Amino acid sequence: MDQPDQLQPSPAPSAFRGRLLRLVPALASALCGVLLYVSFPPRTLWWLALPAFAGFGWLLRGRGWKAALGLGYLFGLGFLLPLLVWTGVEVGPGPWLALVAIEAVFIALVGVGVAAVSRLPAWPVWAAALWIAGEAVRARVPFRGFPWGKIAFGQADGVFLPLAAVGGTPVLGFAVVLCGFGLYEAGRLIAEGRRTRVLRRGAAAAALLSVAVPVAGAVAARPLVSDKAEDGTRTVALIQGNVPRSGLEFSAQRRAVLDYHVRETLRLAADIKAGKAPKPDYVLWPENSSDIDPFTNPDAAAVIEGAAKAVGVPVSVGGVVEKDGKLLNEQILWDPVKGPTQTYDKRQIQPFGEYLPLRGLVGAVNKNWTGMVRQDFSRGSTPGVFDIDGAKVGLDTCYEAAFDWAVRDTVTHGAEMISVPSNNATFDRSEMTYQQLAMSRIRAVEHSRTVTVPVTSGVSAVIMPDGKITQKTGMFVPAYLVQKVPLRTSKTPATQLGILPEIALVLVAAGGVGWATGSGLRRRRTGGA
């Protein structure tokens, strides 16, 4: 006789649980990326970068390349989506999402590399070098690179900061990532030893060194950080004139922006005369403080000259000028007697902000975007160092502060202090201002120079060579800052070594990938024999 049908348990709940479990690594990877974002300014939670990378290492260790690619991409999205949200403040989510989608690809590829080297001895070293190699590529391509989100830029308040003076942002970032991966590996080996009652001493020692060496290196590097004046001091004034409106429309009233900066300079002059403020040796205005070309507009030249005469010292003016058919973002040193004497043209101009790559394609997607950049800016060709009565002031205009080479070569060309004139009004009250300010703090330590940050709408600040902010303004308020600052002439190891630490770490990363690839091929041959 046929057996009666038996009721069988449905496999659906078990299969559903299985699918949910498979989603856990994906969700965890994205959350680790968010944790890394939270470690960045304006928060001072720099130490959260360590558990973020520890978690990332846990998720990637031993994975195949496809899983690592996906997990790396999700980590990149979790990190970059909130970090770069300011890029869509005024133009909508399209450019922001496109930028993040592209930049996260680099992090996904790093994830594949980290998974591959995770089987090697002392793998945190190879993995941390791979992260820095990924940052090196992101800083150069596409469109001359986008270094925003370098791990070093989140460490302005951290214990690892002195390492910036040793080897710049690559060494500082490497130390943080190495420490994060090392924490995971040390924890994993301790847990494994408890479970098996066998502790692999060599592997455990390597893991502990991955944590101890970066911390010890940062402590040892502290003497490189000094505020001592080496060529005297200068009293410098920063002018924040404010803007009539934030966002892309701030420039619709270009004359008002210029007048605001003139008015604040005149207020400073009046306070100097009344004994309320010390007289500076020179005054620094921000980027775009005169979007009216003073070389072709006599009215603009007259009000700038009037401000310079009132304060009685040279004024560095951020202007937009046209020369020989080229549009330039230019810093102009305006002497109260001689008029304009020196200029610096911004070299690292911002894609999609100051020039439009792929203009035809972008216009086909959205004609409004091409209207925002009607004429491309041209690049300058020489480093900016103003000689102001013997004081050599290096200039890195806004976006340039994110690029290692752009800041370094002002110092190698003699800068005794650095100024980063900026215009962040386009990005309203977003975190962009604070992220950029943190970059300037890293640059101060990296090259042991005072860094001043005059901004149209804030936050303007004076940063000492040890990275500490001594004065700063609020946002969207008119203000001036006056302070005596040290001039320094010595060069840190980071300044002298230049790109060499980054090259060395890229070679370490390449060596790790090569070793992992060779080991994988040998395992496959052995398994197939």
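The values are calculated or read from the model by the stated rules, or taken from the named source; none is laboratory data. Predicted model, so just to flag it, every value in this text is computed and none were measured. Note that each Cβ is placed from the backbone with ideal geometry, even for glycine, and that neighbours are counted across all protein chains shown.
Of the residues that sit in the range 141-187 and are in a helix (DSSP H, G or I) and under 11 Å from the mean Cα position of the chain (by Cα), which one is surrounded by the fewest Cβ atoms within 10 Å (Cβ to Cβ)? Only one residue tops the list, namely Phe153. Examine the range 396-404 for a residue that is part of a helix (DSSP H, G or I), modelled with pLDDT of 95 or more and in contact with a His (Cβ under 8 Å, 6 or more places away or on another chain), and state whether such a residue exists. The answer is no; no qualifying residue exists. If I ask for residues that are assigned to a helix (DSSP H, G or I) and over 36 Å from the mean Cα position of the chain (by Cα), which ones from the range 188-200 would you list? Answer for the range 188-200, where residues must be assigned to a helix (DSSP H, G or I) and over 36 Å from the mean Cα position of the chain (by Cα): Ala191, Glu192, Gly193, Arg194, Arg195, Thr196. Can you name the residue in the range 467-494 that is among the β-branched types (Val, Ile, Thr) and touching a Gly at 6+ places or on another chain (Cβ under 8 Å) and, of all such residues, is nearest to Arg441 (Cα to Cα)? Ranking the candidates gives Thr473 first.
Part of a loop (DSSP other than H, G, I, E, B), farther than 30 Å from Asp376 by Cβ, modelled with pLDDT of 95 or more and not aromatic (Phe, Trp, Tyr) - does that describe any residue in the range 282-303? No, every residue in the range 282-303 fails to be part of a loop (DSSP other than H, G, I, E, B), farther than 30 Å from Asp376 by Cβ, modelled with pLDDT of 95 or more and not aromatic (Phe, Trp, Tyr). So which pairs qualify, if the first residue must be in the range 320-334 and over 21 Å from Glu400 (Cα atoms), the second must be modelled with pLDDT of 95 or more and not in a strand (DSSP E or B), the Cβ gap must be under 6 Å, and the two must be at least 6 apart or on different chains? Pairs found: Trp334/Ile304; Trp334/Ala308. Of all residues in the range 405-430, exactly one satisfies the criterion of being modelled with pLDDT of 95 or more and either closer than 18 Å to Thr44 by Cβ or aromatic (Phe, Trp, Tyr) (or both), namely Trp405. Out of Arg255, Arg267, one residue alone is surrounded by 15 or more Cβ atoms within 10 Å (Cβ to Cβ), of a type in the set (Lys, Arg) and modelled with pLDDT of 95 or more. It is Arg267. When Tyr260 is tested against (1) surrounded by 15 or more Cβ atoms within 10 Å (Cβ to Cβ); (2) in contact (Cβ under 8 Å) with a residue 40 or more places away in the chain; (3) assigned to a loop (DSSP other than H, G, I, E, B), only condition (3) is not met.
Screening the candidates Val453, Val385, Val411 for the property of being in contact (Cβ under 8 Å) with a residue 12 or more places away in the chain and under 23 Å from Leu258 (Cα atoms) yields one hit, Val453.
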